[in-house]
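Asker: Structure provided below as structure tokens; questions to follow.
The values are calculated or read from the model by the stated rules, or taken from the named source; none is laboratory data. Nothing here was measured: the structure is a model prediction, and the numbers come from that model. Please note: Cβ atoms are built from the backbone with ideal geometry, for glycine as well, and neighbour counts cover all protein chains shown.
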Amino acid sequence: MNMAKQKIVLAYSGGLDTSIILKWLKETYDAEIIAFTADIGQKDELDGLEAKALATGASKIYIDDLREEFAKDFIFPMFQAGALYEGQYLLGTSIARPLIAKRMVEIARKEGATAIAHGATGKGNDQVRFELTAAALAPELEVIAPWRLEEFRETFPGRAEMIAYAEKHGIPVTASAAKPYSTDRNLLHISFESGMLEDPWFDPSATSNKDMFVLSVDPEDAPDQAEYVELNFEKGNCVGLNGDKMDPLTVMERLNELGGKHGIGRVDMVENRFVGMKSRGVYETPGGTILFTAHRKMESLTMDREVMSLRDSLISRYATLVYNGFWFAPERLALQALVDESQKNVTGTVRLKLYKGNVIGAGVQSPVSLYNPDIATMEADPTQAYNQGDAAGFIRLNALRLKVSSGVQQNAK
């Protein structure tokens, strides 16, 4: 009686690495390989994937459109939290990995697979993100990471060996030195790393490197005429632009168009990977940069000071959890509950001016605004809500500990 072959679900992009891994897994494990590609907004990178995966040896391939789920259940909750990693990175790659891994787990269970596999290297963050998600959602599944296996690394010490293997097995891949860097694109951003970018002195903004960028024009080439856009918010989520109702996916697509047109959202940074090393990344996040700015301005009008202070004190922690792959961890879910509560009054409209890489505030209004011009005015307060004379006692009480400390220091001299 023939035993059924082991089934392995592979996160498949169609690039050189995952194409080689697909064939190698099938041969090495004598397994049935089910390829999976998540459509999370990478556009033309999906063209021809089904035929390519089947020709390479996959028994079937899932190409699932997860863009709506990505926008609604991952991007928007993260932006409600104001997450920003190390003060610059809007977490475009980080937030996509838990969704991809979640769907992999679902497919593995549906297909009766015993393992999932990915092409992330042993030096990067993605291996951690994929595997922490799998551990949280399906701890019974084995995870195969070929780049961490000595046998695989010995067989493929470099790209030349991988290309030769592809040619030998008739695997259709395109590998070129014309773009000596790697990219990762989705609905929120595109990232560029490695290759020439590993030199932190290399200038990606130089005129000679304009062709590298995909989602945005060079700010210097952006229109000379500024463009205004209004973002409509309900409970911390953008629900429309310029008064037109939109779902999260449409909001992101439209903001990407606007931001890209005006050269918005480029970031070049050296960041700290979870695995311990520093790495250099260049990012384009046009729509996300507009949304992030608008959301913060909406909060400034509608969020209580102490609630904002508490939430802001947790931004670094929340962003680090996302970056490190703990999206489905109980501490991230607990933080999200606090974030959700903080957003219940973040409702209204923000007007922004987009101009040559800049996102400029141009007005904000809300039916639940906490800003009262009668109280804030430098003229006479018609409400009598604030007595300027009270400030003297307020200052004396807050100065008391400073005076005591100063006295102690002077006596010690």
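Asker: I'm trying to understand the selection: among the residues of region 241-263, which are under 14 Å from Val214 (Cβ atoms) and surrounded by 15 or more Cβ atoms within 10 Å (Cβ to Cβ)? Don't jump to the end; show me each part of the working.
Answerer: So the first thing to find is which residues in region 241-263 are under 14 Å from Val214 (Cβ atoms), and the list is 256-257, 259-261, 263.
If the condition is that a residue be under 14 Å from Val214 (Cβ atoms) and surrounded by 15 or more Cβ atoms within 10 Å (Cβ to Cβ), then Asn256, Gly259, Gly260, Lys261, Gly263 are the ones that fit.
Asker: With touching a strand residue (DSSP E or B) at 6+ places or on another chain (Cβ under 7 Å) and of a type in the set (Lys, Arg) as the only criterion, which of Arg317, Arg351 stands out? Give the steps one after another, and end with the answer.
Answerer: Numbers: Arg317 fails: touching a strand residue (DSSP E or B) at 6+ places or on another chain (Cβ under 7 Å).
Residue meeting the stated conditions: Arg351.
Asker: When the residues of region 18-53 are filtered to those that are touching a Lys or Arg at 6+ places or on another chain (Cβ under 8 Å) and over 18 Å from Ala101 (Cβ atoms), which remaining residue is surrounded by the most Cβ atoms within 10 Å (Cβ to Cβ)?
Answerer: So the first thing to find is which residues in region 18-53 are touching a Lys or Arg at 6+ places or on another chain (Cβ under 8 Å), and the list is 19, 30-36, 38-43, 45.
Right, trim to over 18 Å from Ala101 (Cβ atoms) and you get 19, 30-32, 43, 45.
Details: Ser19: 26, Asp30: 9, Ala31: 20, Glu32: 19, Lys43: 13, Glu45: 17.
Selected residue: Ser19.
Asker: Turning to a different aspect of this structure: Can you tell me which residue is farthest from the chain's Cα centre (by Cα) among those in region 373-391 that are surrounded by 10 or more Cβ atoms within 10 Å (Cβ to Cβ) and assigned to a helix (DSSP H, G or I)?
Answerer: Here the answer is Ala391.
Asker: Another question, if that's okay. Residues of region 54-86 being farther than 22 Å from Val339 by Cβ and buried (at least 19 other Cβ atoms within 10 Å of the Cβ), which ones?
Answerer: Thr56, Ala58, Ile61, Tyr62, Leu66, Arg67
Asker: Note down all Cβ pairs under 7 Å where the first residue falls in region 211-238 and is within 30 Å of Asp340 (Cβ to Cβ), the second is part of a loop (DSSP other than H, G, I, E, B) and among the β-branched types (Val, Ile, Thr), and they're at least six residues apart or on different chains.
Answerer: Listed pairs, sorted by first residue: Phe233/Val346; Phe233/Thr347; Glu234/Thr347; Lys235/Val346; Lys235/Thr347; Gly236/Val346.
Asker: Shifting gears a bit: Given the condition farther than 15 Å from Phe79 by Cβ and either assigned to a loop (DSSP other than H, G, I, E, B) or in the same structural domain as Phe130 (by TED's automatic domain parsing) (or both), answer yes or no: does some residue in region 227-239 qualify?
Answerer: no
Asker: If you take the residues of region 116-132 that are without any contact (Cβ under 8 Å) to a residue 60 or more places away in the chain and not in a helix (DSSP H, G or I), which of them is surrounded by the fewest Cβ atoms within 10 Å (Cβ to Cβ)?
Answerer: Gly122
Asker: Residue pairs, Cβ under 6 Å, 6 or more apart or interchain, first in region 354-366 and on the phi > 0 side of the Ramachandran plot, second in a strand (DSSP E or B) and not polar (S, T, N, Q). List them.
Answerer: Cβ pairs passing all conditions: Gly363/Arg351.
Asker: Is there a residue being farther than 30 Å from Gln225 by Cβ and touching a His at 6+ places or on another chain (Cβ under 9 Å) anywhere in region 324-333?
Answerer: The initial filter retains those residues of region 324-333 that are farther than 30 Å from Gln225 by Cβ, namely 324-333.
Next cut, touching a His at 6+ places or on another chain (Cβ under 9 Å) only: none.
Scanning region 324-333, I find no residue that is farther than 30 Å from Gln225 by Cβ and touching a His at 6+ places or on another chain (Cβ under 9 Å), so the answer is no.
Asker: State which residue is surrounded by the fewest Cβ atoms within 10 Å (Cβ to Cβ) when the search covers only region 350-372 and only residues that are of a type in the set (D, E, K, R) and part of a strand (DSSP E or B). Walk me through it before giving the result.
Answerer: First, the residues of region 350-372 that are of a type in the set (D, E, K, R): 351, 353, 356.
Retained after the next criterion (residues that are part of a strand (DSSP E or B)): 351, 353.
Working: Arg351: 17, Lys353: 15.
Applying the filter and picking the extreme gives Lys353.
Asker: Separate question: Count, please, the residues in region 87-114 that happen to be buried (at least 18 other Cβ atoms within 10 Å of the Cβ) and not β-branched (Val, Ile, Thr).
Answerer: Summing the residues that are buried (at least 18 other Cβ atoms within 10 Å of the Cβ) and not β-branched (Val, Ile, Thr) in region 87-114 gives 15.
Asker: Which count do you get for residues in region 112-151 that are over 16 Å from Glu193 (Cβ atoms) and basic (Lys, Arg)?
Answerer: Count: 1.
Asker: Quick check on my filter: what residues within region 7-17 are surrounded by fewer than 23 Cβ atoms within 10 Å (Cβ to Cβ), at pLDDT 95 or above and not small (Gly, Ala, Ser)?
Answerer: Lys7
Asker: Please work out if Ala226 is over 23 Å from the mean Cα position of the chain (by Cα) and at pLDDT below 95.
Answerer: Numbers: over 23 Å from the mean Cα position of the chain (by Cα): yes; at pLDDT below 95: no.
Taking the combined requirement at face value, the residue does not satisfy it.
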